[in-house]
1. Taking amide hydrogens as modeled 1.01 Å from N in the peptide plane, which residues meet the under 5 Å criterion relative to VAL40, leaving out close sequence neighbours?
2. Quick one: grab the alpha carbon gyration tensor of the range 309-434, order the square roots of its eigenvalues as a ≥ b ≥ c, and give me rounded if a/c is under 1.5, else prolate or oblate depending on whether a/b is larger than b/c.
3. Return the sequence-ordered ³J(HN,Hα) values of the range 180-186 in whole Hz as given by the Karplus equation 6.51 cos²θ - 1.76 cosθ + 1.60 applied to θ = phi - 60°, using x for Gly and Pro.
4. Quick one: how many Å² of MET253 are accessible to a 1.4 Å probe, rounded to 10?
5. If Lys and Arg each add +1 and Asp and Glu each add -1, what is the summed charge of the other residues whose beta carbon sits under 14 Å from the beta carbon of VAL85?
6. Tell me, what is the percent relative contact order of the range 218-358, built from C-alpha pairs under 8 Å that lie six or more residues apart?
7. Within straight cross-link reach of LYS257, meaning Cα distance under 17 Å, which lysines are found once same-chain residues fewer than 8 apart are removed?
8. Taking amide H atoms as placed 1.01 Å from N in the peptide plane, list the residues 5 or more away in sequence, or in a different chain, whose amide H sits under 5 Å from that of VAL220.
Amino acid sequence: MRFIILSALLGLASVSLADSSSLSEASRPSGWQTQCFGRVQFFMPGSQGWFNQLAKPPEPYKGNQTTPAIWRGNYGRDPLHSDKVLVQIAVSRLATLEYWKRDTSYFRPSRGEAQERVLRRQIDEIDKRMDELRAQYSDYYQNPEYAEAHGKLRNDQRALEDAQQHIGKVSTDILWVSEAIENFREQGKDTAQLEAKLAGLMIEDAKYPVDDLFEQEYFVELNRPNALAISGPYDFSASLWENGRIYTFQFGMEHNKPRSEQKSLEPAALDFLARFRARPEHEIPEEPGVCLPFGFIADNGNVPFDFAYRWQPRGKPALLYRIDQPASKEHLAHTLMRLVPNPYSSFVGIDSFGPDDVSFGFTVGSIVGSRSQRRDPERPDWHPPETYHLIAETGPQQQVPSVSFEMKIQDPDAEFQPFEQGQAEFKQILDSFLPLPGMMRQ
């Protein structure tokens, strides 16, 4: 009987939560915008900005600039190693299709890297022989036979190191000349000299062998426009251009972790890319999954990820926001800071408060904060504007990981809203938090 009653109560709770989604959307304050991040959605004042509201309006990139990422995050677990991230994701600012094509002109199995690996192994072998030679002569620092043998090995090593640098330059020159030929053809210019130079570079490149790993690197068809992917023996890389942005994915690349394996990593990468899509800034996906800036990953709601984002609203340099899912450690750090005496009390007054309960919309969270005001011992009546820092956090709720949300006024000389107004707005944002619609249905 108790089981039946409990089931009924849980059913009512899920209905109430589902209803709250539509009620929250309908009650969105005028001038506010809907955002999603990770597995949650929330409202924000339109004036406070978000990904598209940077310090200045985003502009398409031109020329040979490197692709700037406005956001990076980690998602999933390597198929063979549970402690290793599956994919590292980067999202660019606005970029034209032509820029993406130039940016990915280098995107191909790297013959130069394979050639350098061959030389690196030869250099490492000489290092090993030097160690063996040193062990052979106990008086090596003054033995002429050792000095002669060591000198020959060192000369061979220097030649290999010079060859490494030369290969790197040849590889770079091949890319630049190939791009120049393409640009000349588009402009109707004569490419004969460039093509002759490229032919000479290719002859020079052919002098250096590649290793066996190079034979395992190949392009992979993704069956979507403006997309490139390369599968390697230990990694998988992909680059997409969609909705005016470049999305870059590096699989199996986490450093200081065991190597991934192509036979398991490639299927996992292709599965991920089939579930990824670009999205408009304010679109709230209906299916279970994870929101990232201008993107969405559909999944079963159980895949781990580590997302964080900091932004400043346009025209408000003093104001800084940050959201983390799972929650950052800032809430704990700020709580513990209350135990540390203020070493500069003569010059700045600090009033810390919390932790206090706060509504996180779909659950209860905790808020801590501090208010700071500059002081001048020689002007006791001076009361400049306060700066403040608010941090709220909630624990995980079933399939929705913990969340932390921060608001910080960081420039005491800039104009900004007073603490009471900022705190009220901050709590209003927190109270709008809900799981994504697909997560609530689960």
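1. When sequence neighbours closer than 5 places are left aside, the close amide H contacts are CYS291, LEU436.
2. prolate
3. These are the phi-based 3J(HN,Hα) values: 5, 4, 5, 5, 4, 5, 5 Hz.
4. Near enough 70 Å² of accessible area.
5. Combined, the nearby Lys, Arg, Asp and Glu give 0.
6. Reported relative contact order: 11 percent.
7. Output for LYS257: LYS84.
8. The list, which skips near neighbours in sequence, is ALA229, ILE230, SER231.
The values are calculated or read from the model by the stated rules, or taken from the named source; none is laboratory data. Please read these numbers as outputs of a predicted model, since none were measured by experiment. A quick note on method: Cβ atoms are made from the backbone with ideal geometry, for glycine too, and the neighbour counts reach across all protein chains shown. For the accessible areas, the whole protein counts, side chains as well, though only heavy atoms, and no ligand, DNA or RNA atoms are used. Shrake-Rupley method; radii C 1.70, N 1.55, O 1.52, S 1.80 Å.
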